[in-house]
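In what follows, a single structure is set out as structure tokens and then discussed.
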């Protein structure tokens, strides 16, 4: 029992109510009995949330109390502060309503269950806030369930319960508007399993914004699962200010732990592997020694180079062991300066006839020295292409490429070329898809495949680009003319 002997009972009540409503650490440690919160790093997080609780995207390492401090305690504190006989002035007499949202409704209910249980079992809290919490909420409250939400004692009668739990992807309510929208565990392993699932989660999240009251607040709490997850969209659109806390001080695998012990962190690294550990504990889907591509390696050409040896690279849709139905094609020009110039490229959902038509179009435009075609599932394509050659009276050789090498290893062959800045992309590459939409393929390639690798899904363009180094294609750089060689020698002599 909390006691302040030098104060009267009335003064004790007033002080304790004030500190519960204004001091998040006090509420957790003393009123809610969470002795496990007693840690300097957690204390700092409480102060941080108190100062700026709203319109933030809190991405913290797993098991670092983000849901306890924000979704549970901060929500509870705001309810206590805005209700009762003497609400804090900051709420302007508004008895707030809170909507807790997770990817699915059962997950959101687990957070609501914490608040529900605390109101039912915490005698101290009920005694000091008997004007907010029912003595016997199961019998006295108008609504008191995980399905209908929890209604505290209040003077107003909005259609929303004081706090409710809903799903973003399933179970969104209609016709309700909450003063505070709390999104916790919006992104899950399931929600990033496919590109469609990631898009669906993002689309449903945007729809849920309509459930906020005019002038209301939003809070996002979660953990990264994928480079292109919904949290990345939130950051890209400046929907909320990111507040990232990794499990180590500098965000690296070998950094000093901020909360859990070094031994416990090492065990998690061993159990989870580099990718999961990077996402869950470091909030970096590309952490550790993932051999990916760096943004500083990107080079761009503004004027199309002359006198290149051109090659076409084709990765048709429906290839073996693929989860994508994109066709990817590249035209890569090898320059006399020993660099690779990406002259044209795209990905699109094309059928057999459209793939062949596009290949002929590119071949006639760029007159390549070779065409590399992934051999998995290409037989039907080749038969149709050969038929079109006869019809058009236009013929060229096709080199079948493919091996038992895993896709990731094939793509990693591009790492030293990008690292040495030998691959040049166009600043923009606009392509009109079969459905009529215009897309900048350079933007798509860089942001959806190059930067996310190796954790992105369906890196089809990267895979097809990697075929430029296939030995079977025998791609060669153009030889310098005698005049060019003479000028180069003269220049070196002058230098």
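Give me a count of the residues in the range 110-123 that are buried (at least 21 other Cβ atoms within 10 Å of the Cβ) and under 27 Å from the mean Cα position of the chain (by Cα). Here the count works out to 2. In the range 42-90, the qualifying residues are those that are within 21 Å of residue 265 (Cα to Cα) and in contact with a strand residue (DSSP E or B) (Cβ under 7 Å, 6 or more places away or on another chain), and the one that is surrounded by the most Cβ atoms within 10 Å (Cβ to Cβ) is 61. Filtering the range 373-412 to residues that are at pLDDT 90 or above and part of a loop (DSSP other than H, G, I, E, B) leaves 393, 394, 395, 396, 397, 398. If the condition is being touching a residue at least 40 places away in the same chain (Cβ under 8 Å), surrounded by fewer than 21 Cβ atoms within 10 Å (Cβ to Cβ) and under 30 Å from the mean Cα position of the chain (by Cα), then the range 7-41 contributes 39, 41.
Looking only at the range 125-144, filter to residues that are touching a residue at least 24 places away in the same chain (Cβ under 8 Å) and not in a loop (DSSP other than H, G, I, E, B); which one of those is nearest to the chain's Cα centre (by Cα)? Give the steps one after another, and end with the answer.
Let us first name the residues in the range 125-144 that are touching a residue at least 24 places away in the same chain (Cβ under 8 Å), namely 125, 128-129, 131-132, 144.
Among the residues that remain, those that are also not in a loop (DSSP other than H, G, I, E, B) are: 125, 128, 144.
Working: 125: 38, 128: 42, 144: 35 Å.
Of everything passing the filter in the range 125-144, 144 is nearest to the chain's Cα centre (by Cα).
Evaluate the following for residue 147: is it at pLDDT 95 or above, surrounded by fewer than 18 Cβ atoms within 10 Å (Cβ to Cβ), assigned to a loop (DSSP other than H, G, I, E, B) and touching a helix residue (DSSP H, G or I) at 6+ places or on another chain (Cβ under 9 Å)?
Working: at pLDDT 95 or above: yes; surrounded by fewer than 18 Cβ atoms within 10 Å (Cβ to Cβ): yes; assigned to a loop (DSSP other than H, G, I, E, B): yes; touching a helix residue (DSSP H, G or I) at 6+ places or on another chain (Cβ under 9 Å): yes.
Yes: the conditions hold for residue 147.
A search for C-beta distances below 6 Å between a residue of the range 45-62 that is part of a helix (DSSP H, G or I) and any residue that is at pLDDT below 95, counting only pairs 6+ apart in sequence or on different chains, returns nothing. Among the candidates 381, 397, which residue alone is over 35 Å from the mean Cα position of the chain (by Cα), closer than 30 Å to residue 415 by Cβ and loosely packed, with under 13 Cβ neighbours inside 10 Å? Exactly one residue qualifies, and that residue is 397.
Could you go through the range 204-216 and let me know if any residue there is farther than 18 Å from residue 100 by Cα, outside any loop (DSSP other than H, G, I, E, B) and at pLDDT below 95. No, every residue in the range 204-216 fails to be farther than 18 Å from residue 100 by Cα, outside any loop (DSSP other than H, G, I, E, B) and at pLDDT below 95. Consider residue 411 carefully, then state whether it is surrounded by 16 or more Cβ atoms within 10 Å (Cβ to Cβ), in the same structural domain as residue 329 (by TED's automatic domain parsing) and within 22 Å of residue 342 (Cβ to Cβ). When the stated conditions are applied, residue 411 passes them.
The values are calculated or read from the model by the stated rules, or taken from the named source; none is laboratory data. A quick note: this is a predicted structure, and the numbers were derived from the prediction, not measured. With ideal geometry, Cβ positions are generated from the backbone for all residues, glycine too; neighbour counts draw on all protein chains shown.
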